[in-house]
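Undergrad: Have a look at this one before I ask anything.
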Amino acid sequence: MSDSSRQTPPGGTIYLDSAASTALRPEALEAMLPFMTGDFANPSAHHESGRRAHDAMERARDDVAAILGALAEEVVFASGGTESINTAVKGVAFAQAEAGVGRHIVTTEVEHHAVLHSLQFLERFGFEVEVLPVDEHGLVTPDEVATAIRPDTALVSVAYANNEVGTVQPLPDIARAVKERAQALGRQVPFHTDAVQAPNSHSLDVDALGVDLLSLSGHKFGGPKGTGLLYVRRGVPFLELLSGGGQERQRRSGTENVPGVVGMATALRLAQEEREAFTARTSMLRDRLFDAVRAACPEARLNGHPTQRLPHNLHVCFSDLEGESLVAELDALGIACSAGAACTSATWEPSHVLLAMGVPLDLAIGSLRMSLWPSITEAQIDYVAAQLPGAVSRVRASAVRAI
Ligand SMILES: Cc1ncc(COP(=O)(O)O)c(C=O)c1O
């Protein structure tokens, strides 16, 4: 459909892609502005303006640390989830190898590519990566993770919540099993989690979760893009990824993004304060949407765990269509969502997450992820529900014509 034939729903485009990115919270923007103009100085500078920027950044660090139940010195600011994950995974792996601990790393098949591709990178340097399978809901069992640990295991990395299907892992149970197994081997095995999708609905208390490293990305919870953070428990072996001026206690060199840090900390505080209301509101909207999808397309299949899932994630597969075509059709109707499958230049790449869960290939290419936000109205959900069956039929018909 051409741009001119694009429809706009009453009230404007309906944004069902909060798992991909969220709008900056007004409170975060307001907190950031002074550090973009008046107090713009380098936080390492030895003058009054620099000190003001530095103090604001350290207040943000204290706030983040309080949310995580961590020490301020354990919080490293970064440019996003990807950098945080690369830093965690590569930083621990190289430190463990240097210390002679070993080069074996345990992870799961359903990690984000920031984790999986970082680990593939490490394989080129002699690391051995054990990728654990998941069940049909995308869950890994604590036992399986623990059993995979060997005397030479350098790191375990398991995501908190999956970005495609929304399955939430039993992180405290996995962490406990990892610790028991490591103790039986007479050592400690650092446990990292990619928590990028969790902050809107789940606790980030690192002790309750039992994690040693945790990665976040600011723009997934109403903070600015280009911001992220890594929690590194004191004593965890770690080498920096970015070398330079020694900022962030030698763990991440480069002039800190003070406005970004301040905005991210503000957004994280609000997201964590509003977790209960977020969960109640988005799960109600999700159920309303899923009921409508099922009524219109009874064969649509829900992906991810039925209950242990992010409240704002609805991920379904339709037969006989390509998810990307459905996303384009919905876009033309003013509905923004995602297919959860990557299209390379000429071929459709089905999602590695769906394939790991055993979703048949023909269904895996017909996936649609709709991720909600509390500001979405019931009327908008009803508009989507009304448009979806027609969109599915049209995409199926054009797929048949193309054969
Ligand atoms: C689970 C998960 N991990 C990591 C990332 C990477 O975050 P960013 O793109 O903000 O660097 C994302 C982003 O989609 C994600 O959903």
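Undergrad: Taking region 79-111, which residues are away from the ligand (no atom under 16 Å from the Cβ), in contact (Cβ under 8 Å) with a residue 24 or more places away in the chain and part of a loop (DSSP other than H, G, I, E, B)?
TA: Ala99, Val101, Gly102, Arg103
Undergrad: Further, regarding this structure: One residue is enough: does region 123-133 have a residue meeting the conditions more than 17 Å from Val236 (Cβ to Cβ), touching a residue at least 40 places away in the same chain (Cβ under 8 Å), within 15 Å of the ligand (Cβ to nearest atom) and not assigned by TED's automatic domain parsing to the domain that holds His315?
TA: No; the residues of region 123-133 include none that is more than 17 Å from Val236 (Cβ to Cβ), touching a residue at least 40 places away in the same chain (Cβ under 8 Å), within 15 Å of the ligand (Cβ to nearest atom) and not assigned by TED's automatic domain parsing to the domain that holds His315.
Undergrad: Is it the case that some residue within region 25-34 is part of a loop (DSSP other than H, G, I, E, B), among the hydrophobic types (A, V, I, L, M, F, W, C) and within 30 Å of Thr282 (Cα to Cα)?
TA: Filtering region 25-34 down to residues part of a loop (DSSP other than H, G, I, E, B) leaves 25.
After this cut, where a residue has to be among the hydrophobic types (A, V, I, L, M, F, W, C) as well, the list is none.
No: region 25-34 contains no residue that is part of a loop (DSSP other than H, G, I, E, B), among the hydrophobic types (A, V, I, L, M, F, W, C) and within 30 Å of Thr282 (Cα to Cα).
Undergrad: Does region 184-200 hold any residues that are under 22 Å from Trp373 (Cα atoms) and touching an Asp or Glu at 6+ places or on another chain (Cβ under 9 Å), and which are they?
TA: Residues satisfying the conditions are Asp194, Asn200.
Undergrad: Taking Glu276 as the residue in question, decide whether it is free of Cβ contacts under 8 Å to residues at least 40 places away in the same chain, over 28 Å from Thr87 (Cα atoms) and either out of contact with any Phe, Trp or Tyr (no Cβ under 7 Å at 6 or more places or on another chain) or not β-branched (Val, Ile, Thr) (or both).
TA: In short, yes.
Undergrad: Anything in region 225-249 that is within 11 Å of the ligand (Cβ to nearest atom) and part of a loop (DSSP other than H, G, I, E, B)? List them, or say none.
TA: Selection gives Lys225, Gly226, Thr227.
Undergrad: Considering only residues of region 9-47 that are among the polar types (S, T, N, Q) and in contact (Cβ under 8 Å) with a residue 24 or more places away in the chain, which is nearest to the ligand (Cβ to nearest atom)?
TA: Ser21
Undergrad: While we're here: Which of (1) buried (at least 16 other Cβ atoms within 10 Å of the Cβ); (2) in a loop (DSSP other than H, G, I, E, B); (3) not aromatic (Phe, Trp, Tyr) is the odd one out, the single condition Ser21 does not satisfy?
TA: Here Ser21 meets the rest and fails (1).
The values are calculated or read from the model by the stated rules, or taken from the named source; none is laboratory data. What you see is a predicted model; the values in this text were computed from it and never measured. All Cβ positions, glycine included, derive from the backbone under ideal geometry; neighbour counts span all protein chains shown.
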